[in-house]
Amino acid sequence: MQSPNLPAFYVVVLFVPIDEKDFFVGGKNTKNFVRICVTHIARSFETHEIAKKFLEIYENALAPFIKEKGFDWEVDIEQIDRNLCRVNALALPLSNSDAE
């Protein structure tokens with residue numbers, strides 16, 4: 001699977017610190033957990049198999065920073081309709097267009 005050349009505006013990363021006393025997994029307080037939420041906007045997964053492969057590649061890229069340091073983790077990927085997304089009130093450019 002090849003990574004497309006995407007404009008930088010498609011990549012937004014937010015690190016939201018949560019105080020230990022406010023973090024629970026399964027009703028139990030934890031300090032050894034990382035939750036990653038991805039909103040996938042730039043492209044749609046054409047098949048379930050492609051989506052699963054993307055998730056596998058994504059988790060492998062994260063492994064040195066999370067798994068190999070002994071953290072528990074959760075990754076969820078939300079795929080949204082590009083027609084329902086705006087950047088500074090502008091519709092996203094067509095995929096693979098000059099505007100993109």
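Every read-out reported here was derived from the displayed coordinates using simple, explicitly stated rules and does not represent laboratory data. Keep in mind that this is a model prediction, so the values were computed, not measured. FYI the Cβ positions are ideal-geometry reconstructions off the backbone, even for glycines, and counts take in every protein chain you see.
Just a few scattered comments:
- Extent of the chain along its three principal axes (Cα atoms, max minus min coordinate, largest first): 48, 31, 21 Å.
- Residues of the range 10-47 with amide N under 15 Å of the 7 Å Cα→Cβ point at residue 88: 10-11
- Environment charge at residue 21 (Cβ cut-off 13 Å; Lys +1, Arg +1, Asp -1, Glu -1): -1
- Residue 61/residue 6 FRET efficiency (R0 22 Å; Cβ-Cβ; nearest 0.05): 0.90
- For peptides 25-34, 58-67, sequence by mean Cβ density within 10 Å, most packed first: 58-67, 25-34
- The alpha-carbon of residue 69 sits under 14 angstrom from the alpha-carbons of these aspartates and glutamates, leaving out residues fewer than 8 places away in its chain: 59.
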